[in-house]
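Visitor: Please see the structure below; I have some questions.
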Amino acid sequence: MKILLVSTQDYIHHPIPSRHHNIFEELATRHEVHVPHFHVSRGKERETRLHVHEATRFPVESPFLHYTANAPHHYRVIREIIRDYDIDIVVGAHVLAGTAMIRAAKRFNVPVVFDLKDWFPDSAAAYYKNPAVKRLIREGVLAITRYNLDHSDVITTVSPGLVEKLRGYGYEAELITNGVNTDLFRPLDGGAMRTALGIAPDAFVLGFAGAVERWYALDEVIRALPEIRKRHPNAELLIVGGSLFTGYLEELQALAADLGVAGRVHFTGAVDYRDLPGYIAPMDLCLIPLSPPQWVDIALPNKYFEYSACGKPILSTPIPDMLRMGGDQIAVYRNREEFIKRVDDLALTPGRCPTGMEEHSWKKKAEAFEKIFMRLTGKR
């Protein structure tokens with residue numbers, strides 16, 4: 001089968017592999033998969049099994065300006081890939097480039113699967129602080145997203161909550177949750193990494209791994225740290241990851257210094273994804289401080305799968321879909337007082353948790369997409 005993926009990201013330079021990297025690299029072991037390259041990131045080029053087609057005429061770094069300025073060129077490149085490589089099915093997960101993909105696919109009567117990995121109107125607006133700008137971005141992206149969904153043959157999405165949200169807008173979606181590479185993410189000894197990071201062997205380490213952006217309220221975690229350290233003088237915080245498009249990481253570093261805990265907050269910056277399990281290993285308690293209320297009801301973060309596969313207990317804001325999946329390793333907090341209380345409880349009973357993530361391997365997620373593709377095309 002010949003597949004075209006139109007990803008939400010710069011597929012070969014984005015520092016954090018997305019759901020589409022994990023799923024479509026697996027599909028590319030047995031299918032011919034093509035992807036246009038939106039050169040908006042500046043990370044190290046990653047190896048890929050996919051056939052990459054340059055789709056950037058104006059290499060602007062701002063995502064909004066990049067995708068707006070390059071939109072006509074994106075359409076031409078996507079149209080040429082579909083035509084020249086006799087594509088059987090297209091899978092889109094983008095706002096503007098998703099519209100270009102749909103218009104090109106319909107021209108050649110190619111079926112379209114739109115994979116909505118989050119609620120784009122809110123995620124696009126999250127990068128902006130000005131309320132008027134946020135509202136304008138949200139409404140504009142909603143209109144484009146609805147056009148894309150209206151013209152897709154199948155909609156897939158990542159969480160039961162997002163399935164329900166889409167139903168409220170009149171769309172039926174098939175659920176394929178995120179997953180985890182169970183060969184890569186597994187329980188590891190964290191002693192050597194503690195030494196490398198300057199963390200004491202007997203420290204109680206609260207940890208976060210992922211994109212350091214404002215939708216994770218790490219500033220609130222840092223504000224709670226002085227009180228936590230009064231109760232647990234050996235408590236330290238490890239933040240693994242970098243900011244993608246904002247200065248949030250630098251704000252957190254300044255906040256830690258202002259609160260006098262800079263020496264107990266360890267920032268690694270962005271790390272190679274394949275090294276991530278080694279950075280999770282020293283953590284005694286893994287955090288998911290998801291913040292925006294409008295996201296909580298539709299979220300099912302990759303962190304849940306990755307932390308769990310590493311055998312780690314999790315402390316999280318209430319995320320209904322994650323809680324429905326269950327697991328004694330999850331504790332919940334709703335405010336700073338509850339956060340400190342849960343840390344108190346968990347600091348007294350540290351330990352590993354059962355992993356049990358094999359059913360959520362990326363290989364199984366790829367197989368779920370494959371079944372949809374075969375249903376739409378009649379091809380294997």
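The values are calculated or read from the model by the stated rules, or taken from the named source; none is laboratory data. These numbers come from a predicted model, not from an experiment. Here the Cβ positions follow ideal geometry from the backbone for every residue, glycine too, while neighbour counts run over all protein chains shown. Remember, those area values only see protein heavy atoms, side chains included, never the ligands or the DNA or RNA. Shrake-Rupley method; radii C 1.70, N 1.55, O 1.52, S 1.80 Å.
Visitor: Name the single residue that is most open to solvent (accessible area, probe 1.4 Å) among those in the stretch 313-335 being assigned to a helix (DSSP H, G or I) and of a type in the set (D, E, K, R).
Guide: Arg324
Visitor: Would you check if Ala366 is touching an Asp or Glu at 6+ places or on another chain (Cβ under 6 Å), in contact (Cβ under 8 Å) with a residue 60 or more places away in the chain and closer than 18 Å to Val158 by Cβ?
Guide: yes
Visitor: Additional query: The conditions are (1) touching a Pro at 6+ places or on another chain (Cβ under 9 Å); (2) open to solvent by less than 40 Å² (accessible area, probe 1.4 Å), and Glu220 fails exactly one of them. Which is it?
Guide: Going through (1) touching a Pro at 6+ places or on another chain (Cβ under 9 Å); (2) open to solvent by less than 40 Å² (accessible area, probe 1.4 Å) one by one, Glu220 breaks only (2).
Visitor: So, one more: Return the residues of the stretch 251-266 that are free of Cβ contacts under 8 Å to residues at least 12 places away in the same chain and either open to solvent by 70 Å² or more (accessible area, probe 1.4 Å) or among the polar types (S, T, N, Q) (or both); say none if nothing qualifies.
Guide: Result: Asp258, single match.
Visitor: Would it be correct to say that Ser7 is within 25 Å of Thr182 (Cα to Cα), surrounded by fewer than 19 Cβ atoms within 10 Å (Cβ to Cβ) and touching a residue at least 12 places away in the same chain (Cβ under 8 Å)?
Guide: Considered against the rule, which asks whether it is within 25 Å of Thr182 (Cα to Cα), surrounded by fewer than 19 Cβ atoms within 10 Å (Cβ to Cβ) and touching a residue at least 12 places away in the same chain (Cβ under 8 Å), Ser7 comes out as no.
Visitor: Moving to a separate point now. For the subset of the stretch 21-30 comprising residues that are crowded, with 20+ Cβ neighbours inside 10 Å and either modelled with pLDDT of 95 or more or of a type in the set (Asp, Glu) (or both), which member is nearest to Ile78 (Cα to Cα)?
Guide: Phe24
Visitor: Taking the conditions exactly as written (on the phi < 0 side of the Ramachandran plot, touching a helix residue (DSSP H, G or I) at 6+ places or on another chain (Cβ under 8 Å), surrounded by fewer than 22 Cβ atoms within 10 Å (Cβ to Cβ) and modelled with pLDDT of 90 or more), does Arg57 satisfy them or not?
Guide: So Arg57 passes the test.
Visitor: Let me ask something else about it. Looking only at residues that are closer than 21 Å to Pro121 by Cβ and among the β-branched types (Val, Ile, Thr) in the stretch 296-316, which one is modelled with the lowest pLDDT?
Guide: Val296
Visitor: Hey, another quick one. What number of residues within the stretch 161-180 satisfy the criterion of being in contact with a helix residue (DSSP H, G or I) (Cβ under 6 Å, 6 or more places away or on another chain) and either charged (D, E, K, R) or open to solvent by less than 50 Å² (accessible area, probe 1.4 Å) (or both)?
Guide: 7
Visitor: Filter the stretch 336-359 down to residues that are in contact with a strand residue (DSSP E or B) (Cβ under 9 Å, 6 or more places away or on another chain), at pLDDT 90 or above and open to solvent by 20 Å² or more (accessible area, probe 1.4 Å) and give me whichever is farthest from Gly311 (Cα to Cα).
Guide: Glu338
Visitor: A further question on this structure: In the list Pro293, Pro289, which residue meets the criterion of being at pLDDT 95 or above and within 30 Å of Ala173 (Cα to Cα)?
Guide: Residue meeting the stated conditions: Pro289.
Visitor: Please find, among Ile82, Ile78, Ile16, Ile87, the residue that is under 21 Å from the mean Cα position of the chain (by Cα) and either among the β-branched types (Val, Ile, Thr) or assigned to a loop (DSSP other than H, G, I, E, B) (or both).
Guide: Ile16
Visitor: Checking the conditions here, which among Tyr216, Tyr248 is in contact with a Gly (Cβ under 8 Å, 6 or more places away or on another chain) and among the hydroxyl-bearing types (Ser, Thr, Tyr)?
Guide: Only one candidate passes the filter, namely Tyr216.
Visitor: For the stretch 230-250, enumerate the residues that are crowded, with 17+ Cβ neighbours inside 10 Å, free of Cβ contacts under 8 Å to residues at least 60 places away in the same chain and outside any loop (DSSP other than H, G, I, E, B).
Guide: Of everything in the stretch 230-250, those that are crowded, with 17+ Cβ neighbours inside 10 Å, free of Cβ contacts under 8 Å to residues at least 60 places away in the same chain and outside any loop (DSSP other than H, G, I, E, B) turn out to be Glu236, Leu237, Leu238, Ile239, Val240, Tyr248, Leu249.
Visitor: Can I ask one more? Just checking, does the stretch 101-117 include any residue being in a loop (DSSP other than H, G, I, E, B), within 18 Å of Leu5 (Cβ to Cβ) and either aromatic (Phe, Trp, Tyr) or under 21 Å from the mean Cα position of the chain (by Cα) (or both)?
Guide: yes
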